[in-house]
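What follows is a set of notes on a single structure, which appears directly below.
The values are calculated or read from the model by the stated rules, or taken from the named source; none is laboratory data. Keep in mind the model is a prediction, meaning the values are calculated, not measured. Using ideal geometry, Cβ is built from the backbone for each residue, glycine included, and neighbour counts are taken over all protein chains shown.
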């Protein structure tokens, strides 16, 4: 997963974050697109395609668990790491973008990036497609509430669940996601067509994604939208909440060497680990500023990593 950079938009996919231009007048929400209003008495009927996706992802999760992946223990004696590894992983994950816009399409191409983070309080909000049942909504609300508290502790930054969100989490089934373009442009006016296509045409190999808006192109996010497949079984869906929201806070890239970490496409870990919480602690240290260039941020992050790990400089 990682952030895609296109002007002031960043995109990140999981299995991605995007920065965007200043906001304009909102457009109306179309029928069938997520709403934060109370659940209807009976969910909308799901299509055959959505039901097939549920069967597919249930098998994916079962296969991952059978191979002892998607760990939820946060790492342990088998996953040691020190200050040098923590600093190296921070550079790879926070100071690089995984995606770039090439001819109107996002492609996986890692490139160096300035540091991105939120300077304003993060207000998380959930929206559900009409076909998402109430029992699933209740689980997702509980996940978001617990994760909000966890992220607040890890970062020291104000992060809460709100009915006036600036970080929107959309849980959509297949047909709802394909019809979500008007809602996306309402949430992030001026969103590039390439970012919209990444949501609408998201391949089955992509479990979820996040788009983050940096309207002044100065490294400071002000709005984000995470899109999570409603067809995922519980653990995969919870994993998407953890990874996409953390990436939308500024940890936009993945690294195959990051361990123990969810910022690694090997799926060994399903949920944020102690290592990942330390990456967030580094990112939101006041010594690191939004928009800081990699060469400057790298030196400061290395010192913070040594402090956190109790190692001498």
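Brief remarks follow.
- Of all residues in the range 276-297, those that are buried (at least 22 other Cβ atoms within 10 Å of the Cβ) and under 20 Å from the mean Cα position of the chain (by Cα) total 5.
- Selection within the range 28-71 - under 30 Å from residue 250 (Cα atoms), modelled with pLDDT under 50 and surrounded by 14 or more Cβ atoms within 10 Å (Cβ to Cβ): 29, 33, 34, 35
- Some residue of the range 242-249 being assigned to a loop (DSSP other than H, G, I, E, B), within 22 Å of residue 69 (Cβ to Cβ) and touching a strand residue (DSSP E or B) at 6+ places or on another chain (Cβ under 8 Å): no
- The range 278-297, residues that are under 26 Å from residue 159 (Cβ atoms) and assigned to a helix (DSSP H, G or I): 278, 279, 280, 281, 282, 283, 294, 296, 297
- Residue match in the range 298-311 (condition: assigned to a loop (DSSP other than H, G, I, E, B), surrounded by fewer than 16 Cβ atoms within 10 Å (Cβ to Cβ) and at pLDDT 95 or above): yes
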